[in-house]
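Shown next, in structure tokens, is the structure this report addresses.
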Amino acid sequence: MSRLRVLLSLLLLLSALPAQAASWWDGKWAYRAKIDLNTTSTGAALQQPAGRTAVLVRLHSGNFNFADAKEDGSDVRFVAGDDRTPLKYHFEKYDGLVDQVALAWVDVPALDANAQAPLYVYFGNPEAAGGGDAKGSYDADTVAVLHFASQAAAGQDATAYGNNAGAPLTLAEAGLIGAGLRLDGQAPVAVPASSSLNLAAAQPLTLSLWAKPAASDASGVIAALPGALTLLLENGAVVAEAAAGGAPLRTPAGSPIKPDAWTHIAVRADGKSLTVYVNGQAAGEVAAALPAANGGLLIGGEPGAQRANFIGQIDEVELSKAARPPAAIEAAARSQGTDARLIAFDPVEQRSGDGGHSYFGILFGALTVDAWVVIAILGVMALISWWVMIGKGLFVSATAKANERFLAAFRKRAGQHPLHDPVWVRDAEGAGPLSGERSNLARLLAVGLEELRDRVAAGGGRSVVRPQSIAAIRSALDAAAVREAQRLNRLMVLLTIAISGGPFLGLLGTVVGVMITFAAVAAAGDVNINAIAPGIAAALLATVAGLGVAIPALFGYNYLLSRTEAISADMQVFVDELEKRIAEDYAGDALAPHLAREPAGA
């Protein structure tokens, strides 16, 4: 039973493997790394869901093997936590040769609160073409995203609306996220008016950016939507103004921000109020609705230069025609800065094999709970059947060898002493060559000798046994042989259960899995081969598992059956031989010449 406990413990260990060795999205990619999005208290600490979010993923030599990816990063892919769904993404920067740094913006469909969710980055496919999609990385409400990534594309809008900033722009190479926009207080950077930038009355809106003022207690206009909204610093404090018929409506000034340090600033309008956020936290609010406007977007100043322009650096300007959830603003502040805590990388994994691993990974990833239950039961059956086959094989082999040694010793001594001589008793029950725990023939001899001694003693010590007594001895030997056969065949029924029950149990798992797959497809209304094939293929794994249990058990059972039948035949032959010896030496009144003398030691 100790071996069974060990094997069952091994099963529990193996049962954890599917979770540890998740499926691979595509076998053509040789490497991947798991990325954990942590919004719990140990990560970004989000108390409310942020919804769809563009998450910044910083790749560097500590978490990514640039030497194993293509020089331009065109083979890099981001995949959702289910390890099946590719995610939209684009690179703001990719330098795999010199700095070995990459900045990727990944479109995460849902960033939940107080949770840990994985996603994967894949790379290492020399045949892959570029997969980045900047325009698909943002929703339709995001009308302008300015990364200021490089001098060549300084004012380029990453969204599909093409709201590019006018040139020339001065960039700072060491911005917060790659390069950044440097402003010297002169003319602001203008994003020309367009239909996508036109604002309706009471337009919901979110404007966010990172700012690094050059001096303490700085004052200046950070950004403006002419005729509607102005975001500015007053003595280091962030203030937002909504244009009105008379004096503009202003949010109260909060605490001054730190000079020469990056600060996340956002303003959110929901049609009823205007709220300023500093580093993800609300810093001022006023009841106001934005008026209609069509003046485009200005960065670092306002029309007419009525107030001072901003001096310092600005990075990652994003404008949306939607009132983003406060948690989304908080997530941006806590995931894009120098103290970002949203993302953690696991070590890079390398795919083994020629792609079969990825296929089985897809199958395991598509398994339903009921299929896992069936496969787990089949795994227990497999371990038990292997335990029986190995243990029984060792036992049968040891018994056969012990019987060979016993027969050689028995036939050598058969003509030297009468069977009721105490020498046989000492030899069979002591430490002589006729003894041995593993030899069932030795145990049969012990039974026969005991029965013979009892009959000789009942006859007054005369070495004569009646025919009826010989028949009784034979019955005792047959009974002992039956018990030895039962011992040989003990636990063999477990193999027959594995042989007959394994395929049926696997078939049950397959049928239930196929039913669930078709029910899920019907509920989703997505009838295509890509939706059906993984579920059906995964369901068939249960049948494969059942056959994997039954086939080895069938071979092992037939092998063990042949060995046990051979040992049973040896027992039958020995019983016949022992009965013949007793009949020849002890039946009737005439004894064999070597039995005429008194037994030695009597």
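The values are calculated or read from the model by the stated rules, or taken from the named source; none is laboratory data. A quick note: this is a predicted structure, and the numbers were derived from the prediction, not measured. So basically every Cβ, Gly included, is an ideal-geometry build from the backbone, and we count neighbours across all protein chains shown.
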task = Could you tell me whether any residue of region 283-303 is surrounded by fewer than 21 Cβ atoms within 10 Å (Cβ to Cβ) and within 17 Å of residue 50 (Cα to Cα)?
result = no
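Could you go through region 114-134 and let me know if any residue there is within 30 Å of residue 296 (Cβ to Cβ) and of a type in the set (Gly, Ala, Ser).
Restricting attention to region 114-134, the residues satisfying the condition of being within 30 Å of residue 296 (Cβ to Cβ) are 132-134.
Those left that are additionally of a type in the set (Gly, Ala, Ser): 132, 134.
Yes.
Mind counting the residues in region 62-90 that are basic (Lys, Arg) and more than 23 Å from the chain's Cα centre (by Cα)? Even if it seems obvious, please write down each step before you answer.
Taking region 62-90 as the starting set, the residues that turn out to be basic (Lys, Arg) are 70, 77, 84, 88.
If we keep only those that are more than 23 Å from the chain's Cα centre (by Cα) too, we end up with 70.
Summing the residues that are basic (Lys, Arg) and more than 23 Å from the chain's Cα centre (by Cα) in region 62-90 gives 1.
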request  = Kindly list the number of the only condition in (1) within 23 Å of residue 218 (Cα to Cα); (2) among the hydroxyl-bearing types (Ser, Thr, Tyr); (3) in contact with a Ser or Thr (Cβ under 6 Å, 6 or more places away or on another chain) that fails for residue 320.
outcome  = (1)
task = Hey, can you tell me all the residues within region 122-148 that are touching a residue at least 60 places away in the same chain (Cβ under 8 Å), out of contact with any strand residue (DSSP E or B) (no Cβ under 7 Å at 6 or more places or on another chain) and within 15 Å of residue 91 (Cβ to Cβ)?
result = 128
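If we only count strands (runs of 3 or more DSSP E) wholly inside region 258-314, which ones have 2 or more residues that are under 23 Å from residue 203 (Cβ atoms) and of a type in the set (Ser, Thr, Tyr)?
Details: elements: 263-269, 273-278, 281-287, 297-299.
In region 258-314, 273-278 are the strands (runs of 3 or more DSSP E) which contain 2 or more residues that are under 23 Å from residue 203 (Cβ atoms) and of a type in the set (Ser, Thr, Tyr).
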key: Scope region 569-586; condition surrounded by 16 or more Cβ atoms within 10 Å (Cβ to Cβ) and within 15 Å of residue 406 (Cα to Cα); matching residues   = 570, 571, 574, 575, 578
inquiry  = So residue 219 passes all but one of these: (1) over 18 Å from residue 304 (Cα atoms); (2) among the polar types (S, T, N, Q); (3) surrounded by fewer than 21 Cβ atoms within 10 Å (Cβ to Cβ). Which condition number does it fail?
reply    = (1)
remark   = Scanning region 187-215 for residues that are in a loop (DSSP other than H, G, I, E, B) and in contact with a strand residue (DSSP E or B) (Cβ under 8 Å, 6 or more places away or on another chain) gives 187, 188, 196, 197, 198, 203, 204, 214, 215
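Would you be able to tell me the number of residues in region 152-186 that are charged (D, E, K, R) and crowded, with 21+ Cβ neighbours inside 10 Å? Walk me through how you get there before you give the answer.
The first filter runs over region 152-186 and keeps only residues charged (D, E, K, R), leaving 157, 173, 182, 184.
Cutting the leftovers down to crowded, with 21+ Cβ neighbours inside 10 Å gives us 157.
Summing the residues that are charged (D, E, K, R) and crowded, with 21+ Cβ neighbours inside 10 Å in region 152-186 gives 1.
Can you find a residue in region 97-114 that is at positive phi and surrounded by 20 or more Cβ atoms within 10 Å (Cβ to Cβ)?
No, region 97-114 contains no residue that is at positive phi and surrounded by 20 or more Cβ atoms within 10 Å (Cβ to Cβ).
Suppose we filter 75, 36 for residues that are surrounded by 18 or more Cβ atoms within 10 Å (Cβ to Cβ) and of a type in the set (Asp, Glu); which single one remains?
Being surrounded by 18 or more Cβ atoms within 10 Å (Cβ to Cβ) and of a type in the set (Asp, Glu) holds for just one of 75, 36, which is 75.
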request  = Go through 219, 273 for me and flag whichever is more than 46 Å from the chain's Cα centre (by Cα) and among the hydroxyl-bearing types (Ser, Thr, Tyr).
outcome  = 219
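If we only count strands (runs of 3 or more DSSP E) wholly inside region 48-116, which ones have 2 or more residues that are farther than 18 Å from residue 30 by Cβ?
Working: elements: 51-60, 77-80, 89-95, 101-111.
Answer list for region 48-116: 51-60, 89-95, 101-111.
Out of region 216-235, which residues are more than 28 Å from residue 56 (Cα to Cα) and touching a strand residue (DSSP E or B) at 6+ places or on another chain (Cβ under 7 Å)? If you could, list the steps in order and put the result at the bottom.
Our first condition is that a residue be more than 28 Å from residue 56 (Cα to Cα); within region 216-235, this holds for 216-220, 226-228, 234-235.
Hits for region 216-235 are 218, 219, 220, 226, 227, 228.
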task = Go through region 390-401 and count every residue that is crowded, with 17+ Cβ neighbours inside 10 Å and either modelled with pLDDT of 90 or more or basic (Lys, Arg) (or both).
result = 1
query = In the list 226, 303, 213, which residue meets the criterion of being assigned by TED's automatic domain parsing to the domain that holds residue 189, in contact with a Leu (Cβ under 8 Å, 6 or more places away or on another chain), over 28 Å from residue 46 (Cα atoms) and touching a residue at least 60 places away in the same chain (Cβ under 8 Å)?
reply = 226
